[in-house]
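*Asks:* Please read through the structure below; I'll follow up with questions.
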Amino acid sequence: MLDWFALLDDNDILSSVKQWQFHPDPILAYLSKSLIHRKLFSVVLESKPVSKKWKAHMIRRITEEIICDPEMAEYLLMTGEITNSAYNRHNENIKILFKDGKVRDLGKASDINLLAFTKTVRKFFACYPKELDIN
């Protein structure tokens, strides 16, 4: 089975997606059609979590404009939290190669305060069908 899986390529996936746009599962069909027609999802990043009111509003719009089933509509709205830190001083080092061929740690070779890069950035996201931006 693993050997067959390893033989999959982009053409196999695209052929499957083309067939799935006619699948009886409405979510699979919608996602496949969206991919084929390049109607990708919008992603919004915010500093605060998505409110329940906004989420309910979007579920209602998805139900009215796209899928006609509130339970299914929830599959087309994704919300959550992402974090990122540019530099972890405990297990990462940024090394600089100097013209003389020596390599030095950035923290020791520079007066740059790396603490600014260690701060974890936290954002909240909402991902939903792009056509809701237009209407």
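The values are calculated or read from the model by the stated rules, or taken from the named source; none is laboratory data. Note that the structure is predicted; figures quoted are calculated from it, not measured. Neighbour counts are summed over all protein chains in view; Cβ atoms, including those assigned to glycine, are modelled from backbone coordinates with ideal geometry.
*Asks:* Which condition from (1) modelled with pLDDT of 95 or more; (2) of a type in the set (Ser, Thr, Tyr); (3) in contact with a Lys or Arg (Cβ under 7 Å, 6 or more places away or on another chain) is the one that TYR75 breaks?
*Replies:* The single condition TYR75 does not satisfy is (3).
*Asks:* Of these, MET1, MET58, MET78, which one is more than 17 Å from the chain's Cα centre (by Cα) and touching a residue at least 12 places away in the same chain (Cβ under 8 Å)? Even if it seems obvious, please write down each step before you answer.
*Replies:* Values: MET1 fails: touching a residue at least 12 places away in the same chain (Cβ under 8 Å); MET78 fails: more than 17 Å from the chain's Cα centre (by Cα).
Answer to the check: MET58.
*Asks:* Another question, if that's okay. For ALA56, are the conditions met, namely being out of contact with any Ser or Thr (no Cβ under 7 Å at 6 or more places or on another chain) and modelled with pLDDT of 95 or more?
*Replies:* Values: out of contact with any Ser or Thr (no Cβ under 7 Å at 6 or more places or on another chain): yes; modelled with pLDDT of 95 or more: yes.
For ALA56, the condition - out of contact with any Ser or Thr (no Cβ under 7 Å at 6 or more places or on another chain) and modelled with pLDDT of 95 or more - is met.
*Asks:* If the Cβ limit is 7 Å and pairs must be 6+ apart or interchain, which residue in segment 15-38 that is under 19 Å from PRO70 (Cα atoms) pairs with which residue that is surrounded by 13 or more Cβ atoms within 10 Å (Cβ to Cβ) and among the aromatic types (Phe, Trp, Tyr)?
*Replies:* Correct list of pairs: ILE27/TYR75; LEU28/TRP20; ALA29/TRP20.
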